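The structure appears right after this line, and notes come after that.
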Number of protein chains: 2
Amino acid sequence: MRINSLKGTNDYLPEVQQLRDYLQSVILRTYQNNGYERIATPIIEDIENLDNSDGGENLKLIFKVMKRGDKLAKALEAGQFDDLADIGLRYDLTLPLCRFYSANRDKLAKPFKVIQMGDVFRAEQPQKGRLRQFVQCDIDVIGSDNPSIEIECINVMGKALMNIGIKNFKMKINDRRVLNAMLLSAGFPKDELMSVCISFDKLDKIGVDGVIGELSEKGFDEATLTKFRGLIEGGEITLEKAREFCEDKTYAENLQYIIDTCNDLAEGKYETVFDMSLVRGQGYYTGTIFEVESLDFGSSIAGGGRYDNLVGKFIGEDIPACGFSIGFERICAILMDNGFEIPGKPKRFAVIYEENQTAEAIRYADSKRGEYDVTLVSKPNKLGKLFGKLESQGYAGCYVVGDEADKWF
Amino acid sequence: MRINSLKGTNDYLPEVQQLRDYLQSVILRTYQNNGYERIATPIIEDIENLDNSDGGENLKLIFKVMKRGDKLAKALEAGQFDDLADIGLRYDLTLPLCRFYSANRDKLAKPFKVIQMGDVFRAEQPQKGRLRQFVQCDIDVIGSDNPSIEIECINVMGKALMNIGIKNFKMKINDRRVLNAMLLSAGFPKDELMSVCISFDKLDKIGVDGVIGELSEKGFDEATLTKFRGLIEGGEITLEKAREFCEDKTYAENLQYIIDTCNDLAEGKYETVFDMSLVRGQGYYTGTIFEVESLDFGSSIAGGGRYDNLVGKFIGEDIPACGFSIGFERICAILMDNGFEIPGKPKRFAVIYEENQTAEAIRYADSKRGEYDVTLVSKPNKLGKLFGKLESQGYAGCYVVGDEADKWF
C-alpha cells in the first residue's frame with residue numbers, strides 16, 4: 001500500500017493543522033461579525049451542473065466520479081465512454097452556491113449575505129506546484145446589483161486579511177464590461193470576448209508575447225492582434241483612459257465610486273486601485289472583478305467579482321450576485337514561511353502515569369483541565385528525558401502520579 | 001440544471017450550519033482539552049489503498065474517481081474496464097489515518113493521540129435514509145496496546161457527548177477475540193470468522209432468522225448454525241459466561257478491568273456494559289470494540305475499537321491502535337429534533353441604510369462590532385415591516401442611518 005498522500009494533496013500534521021484551524025476560525029468569525037451567515041453544500045455535485053457552469057479553464061480540471069452498478073455496466077456495454085460519470089467533485093464554491101440559492105431562495109434573507117468555507121478539487125498538473133485539493137473561504141451577496149455590495153465585500157475582505165495578520169496588500173479592481181469595451185475597441189468580435197479574456201488572464205504568467213501567441217493560435221487576425229498589443233504594451237491604462245473605450249460610462253463611474261469609498265473606509269491601511277489587466281479566469285463574471293495582491297510576496301491571495309447570470313442558469317431568471325474568495329492555501333504558505341505564531345494558544349500540561357494508575361491519572365488531569373489542555377503520558381524509564389521533551393514542546397508543567405507536587409518548566 | 005443537491009447529500013441552511021459548527025467546535029475543544037491533537041488527510045485516496053483496506057461491507061460503497069487524459073483513454077482502448085479509476089473518496093477516517101501515521105511516524109508523539117474531523121463518502125442506497133456524504137469526529141491512539149488507552153478513549157468520548165448536550169447513553173463494549181472464541185465454540189471455521197462477523201453485525205437490523213439465513217447462504221453447515229442459533233437466542237450472555245468460551249482468559253479479564261474503571265470514572269453519569277452481540281462491521285478490528293447507544297432514541301451514536309494490524313498493512317510492522325468515532329449526523333438529527341438551542345450565541349444588530357450612505361453605514365456598523373455581529377440592510381419602503389422581521393429573527397436592535405438613536409427590540 002502507498003504511504004504518501006496522492007500527488008497534489010497534503011497530509012497536515014498537528015502543528016500545521018492547528019494553524020489552519022486558527023486561521024479558518026478567525027476568517028469565519030470576521031465574516032460572521034460583519035453580518036454574513038455560513039451555509040454548506042456537498043463536495044459532490046451533479047456532473048452536468050459542473051460541465052455547464054461557465055467555469056472557464058476549470059471545466060477541464062473536474063474530477064469525475066464513475067457511475068455505479070447497473071448504470072455503469074450499461075454505459076460500458078453500450079460503449080458510451082463519455083457517459084461513465086454521473087458525479088463530479090466541486091471545483092469552486094460559487095457554482096454550488098448558485099444551485100443552493102436556486103433551491104432554497106424562499107427561505108433566505110434578501111439580499112443573502114453568505115459564507116462558505118470548504119474543500120474544492122481540481123485535477124491540476126502537480127508540477128505547477130498547485131494543489132488538487134484546497135480550501136476556499138468565500139463571502140457572497142446574492143440579490144443586489146448595487147455597488148454598495150462591492151464596497152462591503154472589499155471592506156470585509158480587508159478586515160479578514162488584517163485579522164489573520166496579512167499586512168501590506170493592495171485591492172485591484174476592474175470591470176468585465178470596461179475590459180470588454182477595451183477588447184472591442186481593439187477589434188475582437190463580440191462573441192469571442194470570453195475566449196480572449198481566458199488568454200489575457202495569463203498575462204502575468206506568459207507575458208505579452210505569450211498572450212498574443214495564444215490568441216493568434218485561436219485564429220484572431222493580425223490587425224486586431226497588433227492593435228491589442230499596442231494597448232497592453234503601452235504602459236498603464238488609467239481608469240480615465242479606460243473610460244474612453246466605453247460607450248456607456250456608468251461602469252467606469254461605478255468603479256470610481258467603489259474605489260473612492262473603499263479608500264475612504266480603509267483609512268490608509270490598504271489601497272484599492274484600478275487595474276486594466278485584471279481579468280480573473282472564470283467565465284461567469286459579468287461586471288466588477290477584484291483581486292488582492294500581497295505586496296510582500298507579489299502574489300494574488302484573494303479574488304472575486306460580480307456574476308449576475310449564474311443563478312439564472314438554474315432558475316431562468318437572472319439574480320445579481322457578487323463574491324470574494326480567499327486563497328487560503330497561499331495565505332497559509334506565506335504565514336508559515338514567516339514563522340507566524342498563533343496568538344492565545346491554549347497552554348498544555350502533562351500527567352505522567354503508570355498503566356495501573358489510569359483512574360487516578362484521569363482524575364488528576366480533569367482537575368487541571370479548566371486551565372490547561374492536559375495530556376496523559378505513560379511513564380518512561382528515563383523521566384528526565386521526558387521532562388526535557390515536554391518543556392521543548394511548550395508544556396507549562398507536568399505531574400507524575402504519586403508525587404507530592406506539580407513540576408513547572 | 002438540477003437545483004437540488006445529489007441524492008443522499010444535504011445543503012445546510014444558515015441555522016443548521018451554525019448548529020453543526022457549534023457542535024463540531026465543542027467536540028474539537030473537548031478532544032483537545034483531553035490532550036489529543038488534530039490532523040487532516042485528503043478526501044481523495046489511492047484506490048488501491050481503499051480496495052485493500054479490510055473495510056468490510058464499506059468496500060462495496062466506494063465512490064471511484066475516473067482516471068484522466070491518456071491514462072483513461074488507454075484503459076478504455078484496452079477494454080480494462082476494472083481499471084478506469086485511480087482514486088477513491090475515503091469511506092472513513094481510519095484507513096487514511098493509518099496511511100498518515102505510516103508516512104509521518106518519525107515526527108509524531110508516541111503514542112500518538114489524534115483527532116480527525118471531516119467528511120467521508122459512501123455510495124449507500126439512499127432509500128435506507130443514509131447519507132452519502134457525512135461527517136465523522138474521531139479520536140485515535142496509535143502506538144500503545146495497554147487497556148488504559150481503551151479507558152481513556154471511552155472517558156473522552158463520554159465527556160464529548162455530555163458537552164454537546166447528549167444525556168442518557170450507554171457504552172457497550174466487547175472484544176473481537178472473545179466474540180471469535182464464542183463463534184469457534186459454535187463450530188465456525190477459524191478462517192471464516194470475518195465473514196461470520198459481517199453477518200452477525202446485522203442482528204439488530206435483520207434479527208436472528210435473518211443472520212442464520214445469511215450464514216446459511218454463505219454455506220455454513222446446519223449443525224454449526226443450530227448451535228449458533230442456540231447461543232444467540234438463549235438470552236443475554238454475561239461476561240462471566242463469555243469468559244468460558246475463551247482459552248486465553250486475558251481478553252475477558254481486560255474487558256472487566258476496562259468496564260470497572262470506566263464505571264468508576266463516570267460517577268454514574270453513564271454506564272459501560274459488556275454486550276456479546278456487539279460486532280462492529282469493519283473487518284479491521286482486532287480486539288476491544290465499543291459502541292455508544294442513546295437510550296432516549298435507541299440508536300447507535302458512536303463506535304470504535306482496537307485495530308492492531310491496520311498500520312501493519314502499510315509498513316509491514318504491526319502497530320497497536322485504538323479509535324472512537326462520533327456518528328455526527330445522527331447526533332445532529334437527534335439534537336435538532338429536540339429543539340436544541342446553542343448556548344452563548346452571538347447577539348445580532350442591524351444597520352439600515354440607503355445605498356448612497358454606504359460609507360457612513362459601514363462606519364457605524366464597525367462601531368458596534370465589538371459587542372454585536374452587525375448586518376447592513378438596505379432601507380425598504382416599509383420600515384415597520386423590516387423592524388418586525390429583524391425582531392422575529394432575534395436581532396437585539398438596529399440603527400437607521402441618519403436617525404438620532406438606536407432602536408432596541
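The values are calculated or read from the model by the stated rules, or taken from the named source; none is laboratory data. Note that this is a predicted model, so its numbers are computed, not measured. Cβ: placed from backbone, ideal geometry, glycine included. Neighbour counts: every protein chain shown.
For the residues A:Leu28, A:Leu61, the requirement of being assigned by TED's automatic domain parsing to the domain that holds A:Val311 and either buried (at least 20 other Cβ atoms within 10 Å of the Cβ) or not acidic (Asp, Glu) (or both) singles out A:Leu28.
For region A:35-59, filtering for residues that are more than 7 Å from every other protein chain (Cβ to nearest Cβ), out of contact with any strand residue (DSSP E or B) (no Cβ under 7 Å at 6 or more places or on another chain) and touching a residue at least 40 places away in the same chain (Cβ under 8 Å) leaves 6. Exactly one residue among B:Ala160, B:Ala181, B:Ala186 is among the small types (Gly, Ala, Ser) and at pLDDT 95 or above, and that residue is B:Ala160. Across region B:288-340, what is the number of residues that are within 18 Å of B:Ile27 (Cβ to Cβ), touching a Ser or Thr at 6+ places or on another chain (Cβ under 7 Å) and surrounded by fewer than 24 Cβ atoms within 10 Å (Cβ to Cβ)? Going through region B:288-340 one residue at a time, the tally reaches 6.
Residues that are hydrophobic (A, V, I, L, M, F, W, C) number at least 3 in the following helices (runs of 4 or more DSSP H) confined to region A:40-148: A:69-77, A:94-104. Of the residues screened, A:Asp264 is one that is surrounded by fewer than 16 Cβ atoms within 10 Å (Cβ to Cβ), within 14 Å of chain B (Cβ to nearest Cβ) and more than 25 Å from the chain's Cα centre (by Cα). Of all the residues in region B:329-347, those that are over 14 Å from B:Asn163 (Cα atoms) and part of a helix (DSSP H, G or I) number 6. Might you check whether a residue that is under 27 Å from A:Thr375 (Cα atoms) and either at the interface with chain A (Cβ under 9 Å from one of its Cβ atoms) or in a strand (DSSP E or B) (or both) occurs anywhere in region B:157-164? Within region B:157-164, one or more residues are under 27 Å from A:Thr375 (Cα atoms) and either at the interface with chain A (Cβ under 9 Å from one of its Cβ atoms) or in a strand (DSSP E or B) (or both). Cβ-Cβ distances below 8 Å connect the following pairs, each with a first residue in region A:10-33 that is more than 17 Å from A:Lys345 (Cα to Cα) and facing chain B (nearest Cβ under 7 Å), a second residue that is of a type in the set (Val, Ile, Thr) and not in a loop (DSSP other than H, G, I, E, B), and a separation of six or more residues or different chains: A:Gln32/A:Ile115; A:Asn33/B:Val374.
Within region B:283-337, the set of residues being more than 14 Å from chain A (Cβ to nearest Cβ) and of a type in the set (Val, Ile, Thr) comprises B:Thr286, B:Thr288, B:Ile289, B:Val292, B:Ile301, B:Ile326, B:Ile331, B:Ile334. Restricting region B:98-125 to residues that are more than 10 Å from chain A (Cβ to nearest Cβ) and closer than 21 Å to B:Ile326 by Cα, the residue that is surrounded by the fewest Cβ atoms within 10 Å (Cβ to Cβ) is B:Glu124. For A:Tyr91, the conditions (1) at the interface with chain B (Cβ under 10 Å from one of its Cβ atoms); (2) among the hydroxyl-bearing types (Ser, Thr, Tyr); (3) over 30 Å from B:Ala359 (Cβ atoms) all hold with the exception of (1). Number of residues in region B:232-245 that are over 31 Å from the mean Cα position of the chain (by Cα) and not acidic (Asp, Glu): the value is 3.
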